[in-house]
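J.: Structure below; questions to follow.
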């Protein structure tokens with residue numbers, strides 16, 4: 001029997017290799033969870049953008065189905081402008097054909113108890129009356145603006161006083177993110193130009 005050394009690893013070599021393996025595995029898990037968290041945040045932002053675009057499309061369709069009769073004061077469109085902390089906060093009120101009749105619809109930004117701005121939709125029934133229904137359609141927005149694109153008008157409009165509705169208007173939604181937020185807009189082309 002030889003007095004040579006047996007082949008194998010020493011305890012120190014095994015401990016060093018285990019320490020290196022632990023560092024590599026820990027780094028891999030950290031990278032995996034960081035990527036997963038970043039991806040989840042990206043999907044959330046994409047979902048918010050998609051929701052904003054769909055909401056603006058819905059508002060545009062409602063505005064384009066406006067009902068206006070010059071001899072009634074409750075029909076038409078009204079845009080009022082105010083702001084919250086320097087952020088646009090239009091109130092857009094109009095009468096339109098809805099699923100079950102003629103409704104007065106209003107979109108406005110309101111502040112909640114946590115001082116966040118939410119876009120609120122209010123629906124009132126012209127025929128049946130009753131208490132208007134309020135719905136939060138988008139939470140935690142930076143702002144909402146409605147503006148008339150016709151020459152001579154800007155942030156304030158009232159068809160009851162002017163005796164007509166605008167031909168074109170722009171609705172914009174400002175979401176949080178980046179410097180000054182992200183703005184999404186749609187143009188509404190109203191088919192009626194003057195009282196019926």
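J.: Going by average Cβ density within 10 Å per residue, which order do the peptides 34-42, 130-138, 95-103 take, highest to lowest? Walk me through the numbers on the way to the answer.
T.: On the way: 34-42: 10.0, 130-138: 11.8, 95-103: 14.4.
Averaged packing, sorted descending, gives the order 95-103, 130-138, 34-42.
J.: For n ≥ 4 DSSP H runs only, could you compute -39500 (n - 2.57) per run for the chain, divide by its residues and tell me the 222 nm figure to the nearest 500? Show your work: numbers first, answer last.
T.: Numbers: 2 runs with 58 residues, N = 196.
Rounded to the nearest 500, it is -10500 deg cm²/dmol.
J.: Could you work out the relative contact order of the chain? I mean the mean sequence separation of Cα pairs under 8 Å and 6+ apart, divided by the number of residues, in percent.
T.: Numbers: 347 pairs, mean separation 35.3, N = 196.
Relative contact order for the chain comes out at 18 percent.
J.: Using a Förster distance of 22 angstrom, determine the FRET efficiency expected from the C-beta separation of residue 53 and residue 139, and round it to 0.05.
T.: Details: r = 16 Å, r/R0 = 0.73.
Once rounded, the FRET efficiency stands at 0.85.
J.: Let me ask something else about it. Hey, can you rank 10-18, 141-149, 182-190 by average C-beta count inside 10 Å, highest first? Please list the in-between numbers first.
T.: Details: 10-18: 9.8, 141-149: 21.6, 182-190: 15.6.
Top to bottom by mean Cβ count within 10 Å: 141-149, 182-190, 10-18.
J.: Under a crude label model (7 Å from the Cα following the beta-carbon direction), how far is residue 12 from residue 74 in nanometres?
T.: It is 9.2 nm.
J.: So, one more: Using the alpha-carbon atoms, what tilt in degrees (0 to 90, nearest 10) does helix 11-64 show relative to the longest principal axis of the chain?
T.: 10
J.: Could I ask something else about it? Quote the FRET efficiency, to the nearest 0.05, computed for residue 29 versus residue 87 with a Förster distance R0 of 41 Å and r equal to the Cβ-Cβ distance.
T.: Values: r = 41 Å, r/R0 = 1.00.
The value I calculate is 0.50.
J.: Assuming R0 = 25 Å, can you tell me the calculated FRET efficiency for the pair residue 61 and residue 161, based on Cβ-Cβ distance, to the nearest 0.05?
T.: Values: r = 26 Å, r/R0 = 1.03.
With R0 = 25 Å, the Cβ-Cβ based efficiency is 0.45.
Throughout, read-outs are computed from the coordinates displayed, never taken from laboratory work. Just so you know, these numbers come straight off a predicted model, no measurement behind them. Here the Cβ is made from the backbone with ideal geometry for all residues, glycine too, and neighbour counts use every protein chain on show.
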